[in-house]
Amino acid sequence: MIHSLFLINASGDIFLEKHWKSVVSRSVCDYFFEALERATEPENVPPVIPTPHHFLINVLRHRIYFVAVIQSEVPPLFVIEFLHRVVDTFQDYFGVCTEAAIKDNVVVVYELLEEMLDNGFPLATESNILKELIKPPTILRTVVNTITGSTNVGEQLPTGQLSVVPWRRTGVKYTNNEAYFDVVEEIDAIIDKSGSTITAEIQGVVDACVKLTGMPDLTLSFMNPRLLDDVSFHPCVRFKRWEAERILSFIPPDGNFRLLSYHVSSQNLVAIPVYVKHNISFREGSSQGRFELTLGPKQTMGKAVESVLVSSQLPRGVLNANLNPSQGTYTFDPVTKLLSWDVGKINPQKLPSLKGSMSLQTGASKPDENPTINIQFKIQQLAISGLKVNRLDMYGEKYKPFKGIKYMTKAGKFQNDCHLLVIQKLAG
Amino acid sequence: MIHLIMDTFLRYLKEREQEQLVKILSFMFYIFRHDDLKEMLDSNKDSLKLEAMKRIVAMIARGKNTSDLFPAVVKNVACKNIEVKKLVYVYLVRYAEEQQDLALLSISTFQRGLKDPNQLIRASALRVLSSIRVTIIVPIMMLAIKEAASDMSPYVRKTAAHAIPKLHSLDPEQKDQLIEVIEKLLADKTTLVAGSVVMAFEEVCPDRIDLIHKNYRKLCNLLIDVEEWGQVVIINMLTRYARTQFLNPNINESLLEDSSEKAFYASDDEEDEDKKAEAAALVKRKPYVMDPDHRLLLRNTKPLLQSRNAAVVMAVAQLYFHLAPKAEVGIIAKALVRLMRSHSEVQYVVLQNVATMTIKRRGMFEPYLKSFYIRSTDPTQIKILKLEVLTNLANETNISTILREFQTYIKSMDKDFVAASIQAIGRCATNIGEVRDTCLNGLVQLLSNRDELVVAESVVVIKKLLQMQPEQHSDIIKHMAKLIDNIQVPMARASILWLIGEYCEHVPKIAPDVLRKMAKTFTNEEDIVKLQIINLAAKLYLTNSKQTKLLTQYVLNLAKYDQNYDIRDRARFIRQLIVPTDKSGALSKYAKKLFLALKPAPVLESPFKDRDHFQLGSLSHLLNAKAGGYQELPEWPESAPDPSVRNVEVKDSVCARRTVLTGKAVKNQKSSSESESESESSESEDESEEESEEESESDTNIRKKKTIAPSGSIKMYELLHRITGEGLAVEYCFSRQPFSPDPNMVAVQIQFTNNTNSETKNLHIEEPRLQSGMRIREFAEIEVLAAGESVTVVMGIDFCDSTQAANFQLKDLKFSLAFNLTKRCFLSLFTGKLMGMNEISEKLTLGEKCVNEHVIVERVTATANLSRVPCGSDKECRFAGKTVSSGCLVLVTVTTKEGGRAQLTVNCEKMVIGTMLVKDIMQALSQ
């Protein structure tokens, strides 16, 4: 399946290679570089590039291209998904997945890649298993290892490999038993210039951080599970139970994991929590244009809209913008023509606005493209879809009260925060 | 050596070739550094070795050649330090191919490793051994694989499955022997092995579909528990399998519907007729009934649409697309749309597949139309694919919204995307007759766009549209003739010229003038434009030779001396054909017919048409070209092959029963204290909702049916209290007797007592709601239970060795029965190792009453149905058992120590059962 892997940085250097079968010369990457040159933007490189003898499947993450070399038929998504899993694992291990981090930990990276694939076929990709096989580097451990000469490599087969719950390691022990769930929702909407919504959808995820001793069996139920239209689960969730009772029943992996991601059905009306008033105009024959933008909150259930960031790609004819923000700061990049305005928090009493003029190329005709406005913001303590966790129960373990069992099973102690991202506005 | 290098070094120094110099220097530097590494590897300190190996691996990672260190590294293959060892393995696998002889030195280490009691070491020895691509060790590898394939540990067996393709690629001669191993491993019942062995099957012998028959049902049932990568491989394989074994579920309706859907494609008439004939033939066939195995596959893959792994979702989607009845395919749309919110690479692949699906099954994605709307932040390649999908989805009802969307796209700043949008509009216009004029008008407006690319693309599209009905649109042609002065894009100029030439009769005044202008600029034009100028000249010469004769001659003369031989050829050809000379051939009479023949309008069709002959989701489908190793998706068979090949004989049950018998015999003679009357503990009743609206009238009747006298000493559990049951009480116990109709089932004895004054009628089980794999053998209906009477029945439940409760309804009462552990005795003598099992150990303090061995034995056997195994020491008691349905071994050891302390060890392949057992026995012993 996967023959080799090359890691290529933004400047086109191959800084790591790994082969699972015979060695494939790195000159195969020349085809990739050709494709890279042809593509105008880095993200426009086709994910699958055929070459005379191989196929290159690549993903771009953190400005590193992960290029897998394939020799024969294999589902492309299989490889793509695996490469993303590799990146996730690196991130999990090193905190960040950058060229520097990979270079610093090249031996761990190599050991990981060795365990993750055998002869090109995935072997162990669960982070819990990998962490038992190869311990993540920490400063303390590095120091200890250099002194004692001990290693990062586990000697026993992780029990999870063999069990029906491969995602959980055995013998987990904590003094403070705790389980946190984050409900994170994203609104994704396109609004036309008159302000009406073209599409709006909510996607959410429930991320969990579970630190529980032993083999707990959890059930999580929602107040309004019917809201969830389309869900995908971590493999630990018992699907039958969800089908029958709309309850999430699972033996959780140890540590951080994504329990489920969901989509709120489009039948439910999506309340857009902010609105934008804008007026961008260019006059024919004049080298000036007017720019006005006002933001305001709506339907936020009294929660503050924070970390607002507005960005807009202005037409190519715009030379410069001279604007005046009522709050926050703005930048305009004359090369990429990207205007971004860091608004911060919206104060409903005093709506933030950005007003001013744009100077156009003299003699150039009036630009006819419509700039789109992208808005990012966050609202804490609110899941916009109205999804609520009802209760969390634990079976299978009997912790003593001082271990925090009560805290654990209490419902309503969940942290619900809601990030809403990317509202596009087709202005004009 | 060094001398030689110094020589070259000096030579280059003279030549002052900086670059070479750097190379030489770094080469020398490497030699010295390698020396230093060799020294470190030869030292007897592990930490130095580790450091050296780390540096070597870092060099390998950067693609530096370190093969000269091979002898020094290979010596360390037997190093005690596990990390050094692992890194040596990495090195070895990388370079063994180049240094075959030296690599052989390491083989004995691995052979020793294969016999290690630690399964991880056995597995990794096999992994490395099979990864060394040295032909000479093929026999050793073969032997190792065969041995590992029957290893106790499923992990080692999995590794064996991985090793099969490695050996096959090294020496294809071994295929036959390897197929035997594959056959053996396919029969493996663990989920761990299933994915890997199917992978090996796909690489070694994908055509041996006969090996799958016997394992088909098992694979379907295991599927949900297999790890995600294995799922993808298994699903893809099963898709192919199903195509050979089952009948087309859409055999009757699909053809008829297809033809109606295709009505847009004007040229499909003939095809339709073919299909009608075919459909007529089909009507004669007997009605379609889906094979239960086909249904099983569809049912068991459906939940995987919820997987977090995009590859799994895609695999299920393609399975449904290729195998499911038309009415059921729709469910995949939602899951695929969900994948569109993933990484852009995933989106790219999914959209390619959606584009193919939308051509055949448009209705499926129509509700999700808006999910394919384009965002300004999408990369261009995604935008273009979404556009493709939107175009495929367009029909009379939604075309207006789609066109409105397209209009916004034309204003985008991404020019490639704008061009694609214009083409998309063109395609909608050709496919949907009603909007053709609207589209054409819109496109004509675009001709006055400021952006030349937009204009050019519109011209090309308009040209195609006009071909469909040129008469009505001479004004558009005129408009375009004007454009030729300004527009510079060659393709657009060529299109305009072609249009004017083709329809010169509609614009008799303008055409010659255009030719005049073009004759002036001929020499500066691009090749495609020149060709079209020649064409225009020829056509005008034929229709209007009075005005254009000289111009044509002039153009042809220019072309005669053109640099491009194509153009020279064309000019010569045309001159011979149209200009009458003495020797003009027979063809020139027909020149007008040749040039001004009515040309069929081009069909604008999707590039994704007919791509579905490749299996969706495959690399070949994505590239629209067959990739190496691609297995064709077979056509449905005309008549179904024999379904009985998939039946599995129940050989196992005979063996199982025999063991039971021996077990019992030994047990009886062994411990007299443990009789049949062991009581059970550990039971977790999740829920037992009671809902009773029982009762019935009285009538005297006879009750009979198979009843078993309840053995008083077995602990009974209450299922339904007589108050909540309004008089009807139900108790149950695990009788610990083999359930004779099915050896995999646990016998559950249920006692009904009617405490009312009236009779209860028709007690039977309804709607079992079971976890996957669980089965219930219902007891025969109790027709009447007279007042005050009680009756006992036995039912069998196969809990599949899970700890889940089995839920079922007893007439109107709902119950859930929780599972207790092993219910049947099993005994065998353990001399060997406990490999491949999970070991769970707990320390405990024995309860006050557990004074001697006897009590311990009693307590343990009362907790779970285990049998004692003799062992040498009197401080140790050993027990063994087997789970009922899958026959997993359970071994329990209790070691007593001073002061009432003891250690309990449970070995079991199933971790959950092991943990539960530990908990229960602990409880029993510490009381």
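One table, with the values for the structure above:
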{"read-out": "Residue A:221-residue B:118 pseudo-label distance in nm [points 7 Å out on the Cα-to-Cβ vector]", "value": "4.7"}
{"read-out": "Per-pair calculated FRET efficiency, R0 = 56 Å: residue B:80 and residue B:208 via Cβ, rounded to 0.05", "value": "0.80"}
{"read-out": "Distance (nanometres) between label positions extended 7 Å along Cα→Cβ at residue A:53 and residue B:135", "value": "1.8"}
{"read-out": "Flagged links, alpha-carbon separation over 19 Å, of A:135/B:843; A:277/A:355; B:64/B:166", "value": "A:135/B:843; B:64/B:166"}
{"read-out": "Test item: Cα-centred dipole of the stretch B:402-487, Lys/Arg +1 and Asp/Glu -1 on Cβ, debye", "value": "40"}
{"read-out": "Out-of-range pairs (alpha-carbon distance over 28 Å; input B:86/B:218; A:378/B:370; A:303/B:411)", "value": "B:86/B:218; A:303/B:411"}
{"read-out": "Inter-label distance, nm, simple model (7 Å from Cα along the C-beta direction), residue B:218/residue A:33", "value": "5.1"}
{"read-out": "Environment charge of residue B:486, counting only residues whose C-beta is closer than 14 Å and scoring Lys/Arg +1, Asp/Glu -1", "value": "+1"}
{"read-out": "Charge tally in the Cβ shell below 11 Å around residue B:544, where Lys, Arg are +1 and Asp, Glu are -1, residue B:544 excluded", "value": "+3"}
{"read-out": "Net length gained if the chain between residue A:243 and residue A:335 were fully extended (0.36 nm per residue, minus Cα distance)", "value": "27.8 nm"}
{"read-out": "Per-residue Cβ neighbour rank within 10 angstrom, fewest leading, B:301, B:543, A:372", "value": "B:543, A:372, B:301"}
{"read-out": "Taking only Cα atoms of the stretch B:27-225, radius of gyration then Dmax in Å", "value": "19.0, 63"}
{"read-out": "Globularity ratio of the stretch B:490-597, using Cα Rg and 2.2 N^0.38 Å", "value": "0.98"}
{"read-out": "Cross-link pairs beyond the 20 Å C-alpha cut-off, checked among B:517/B:546; B:415/B:530; B:520/B:599; B:85/B:146", "value": "B:415/B:530; B:520/B:599; B:85/B:146"}
{"read-out": "Taking A:72, B:644 and counting other C-beta atoms within 10 Å, the order from fewest to most", "value": "B:644, A:72"}
{"read-out": "Length gained when the stretch residue B:404-residue B:184 is fully extended (0.36 nm per residue, less Cα-Cα span)", "value": "73.2 nm"}
{"read-out": "Pairwise FRET efficiency - residue B:546 versus residue B:647, Cβ, R0 = 60 Å, nearest 0.05", "value": "0.10"}
{"read-out": "Cα gyration tensor, the stretch B:438-550 - rounded (a/c under 1.5), prolate or oblate", "value": "oblate"}
{"read-out": "Residue order, fewest to most surrounding Cβ atoms within 10 angstrom, among B:546, B:370", "value": "B:546, B:370"}
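None of the figures in this text is laboratory data; all of them are computed from the coordinates on show. Note that this is a predicted model, so its numbers are computed, not measured. Cβ: placed from backbone, ideal geometry, glycine included. Neighbour counts: every protein chain shown.
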